[in-house]
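Quick notes on the structure that follows.
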Amino acid sequence: MTVPHYRRILVKLSGEALLGESDYGICPTTLTRIADELAEVNTLGVEVAVVIGGGNIFRGAGLAAAGMDRITADHMGMLATVMNALALQDALERRGVFSRVMSAIKINQVCEDYIRRRAVRHLEKGRVVIFAAGTGNPFFTTDSAASLRAVEIGAELLLKGTKVDGVYTSDPVNDPSARRYERLTYDDVLSQKLEVMDATAIVLCRDQGMRIMVFDMTRAGNVVQAAQGASVGTVVDPG
């Protein structure tokens, strides 16, 4: 039997991770693949938490830039993350994996309120916990929410899912000469303004020593390999 390397991890998924080949919403095939991977990690005995964004449905910052009140726009973005979280919960439970959606804003008819001790208890019972609605506050990204929740629940690794296999010197899609970093310190990320996570999230991880691995979420098997201790992307830690 494969022995997991980590006891508890938090996976950060952008809303765009659910798009697949679609332009909007949730691709059922992509949702199925992600749920399969999380279910496999769960069967290894790893406690799994997820923070999910809402950019496939609504981006608050974008509409705010077009003139909408930023706080209203951010609240709408939080609601989009709840929709994604419920979709992921359904996909997991259709695979026999018990899961809970915990929201940072009160929406009791569809999910639980976020309470740290209750979240930890769910994890200890082998349930996948999906954190929705970011931090519950405007002006904070779901990257910041992922860092905060990872620290609060005592995760040993924060897995940041992207569309590329790590952090590069520049955008590898537009720059063929871009080089991939194997390892970075938090201060490297901040000083070089690398687009790993927003600065608030990186500072929180740095101050609390939360290890980050930036990996390609589109490649099947990466989450499972990371949970087993493999390096599947760029590691950000104290160095």
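Structural remarks
- Residue selected from segment 129-142 under the condition β-branched (Val, Ile, Thr) and not in a loop (DSSP other than H, G, I, E, B), by the criterion farthest from residue 19 (Cα to Cα): 129
- Evaluated against (1) surrounded by 13 or more Cβ atoms within 10 Å (Cβ to Cβ); (2) touching a Ser or Thr at 6+ places or on another chain (Cβ under 6 Å), residue 239 falls short on exactly one condition, (1).
- Of all residues in segment 54-80, those satisfying the criterion of being of a type in the set (D, E, K, R) and under 21 Å from residue 18 (Cα atoms) are 59, 74.
- Pick from segment 112-153, criterion in contact with a Gly (Cβ under 8 Å, 6 or more places away or on another chain) and polar (S, T, N, Q), ranking: nearest to residue 68 (Cα to Cα): 141
- Residue within segment 119-133 that is crowded, with 23+ Cβ neighbours inside 10 Å, farther than 27 Å from residue 43 by Cβ and under 11 Å from the mean Cα position of the chain (by Cα) present: no
- Wholly within segment 143-234, strands (runs of 3 or more DSSP E) carrying at least 2 residues that are in contact (Cβ under 8 Å) with a residue 24 or more places away in the chain and surrounded by 15 or more Cβ atoms within 10 Å (Cβ to Cβ): 157-162, 212-216
A quick yes/no check of all residues on (1) touching a strand residue (DSSP E or B) at 6+ places or on another chain (Cβ under 7 Å); (2) charged (D, E, K, R):
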| site | (1), (2) |
| --- | --- |
| 156 | yes, yes |
| 165 | yes, yes |
| 171 | no, yes |
| 180 | yes, yes |
| 193 | no, yes |
| 196 | yes, no |
| 206 | no, yes |
| 211 | yes, yes |
| 215 | yes, no |
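Every number in this text was worked out from the coordinates using simple rules, so none of it is lab data. Keep in mind it's a predicted model, so treat the numbers as computed, not measured. Glycine also receives a Cβ, built like all others from the backbone with ideal geometry; neighbour counts cover every protein chain displayed.
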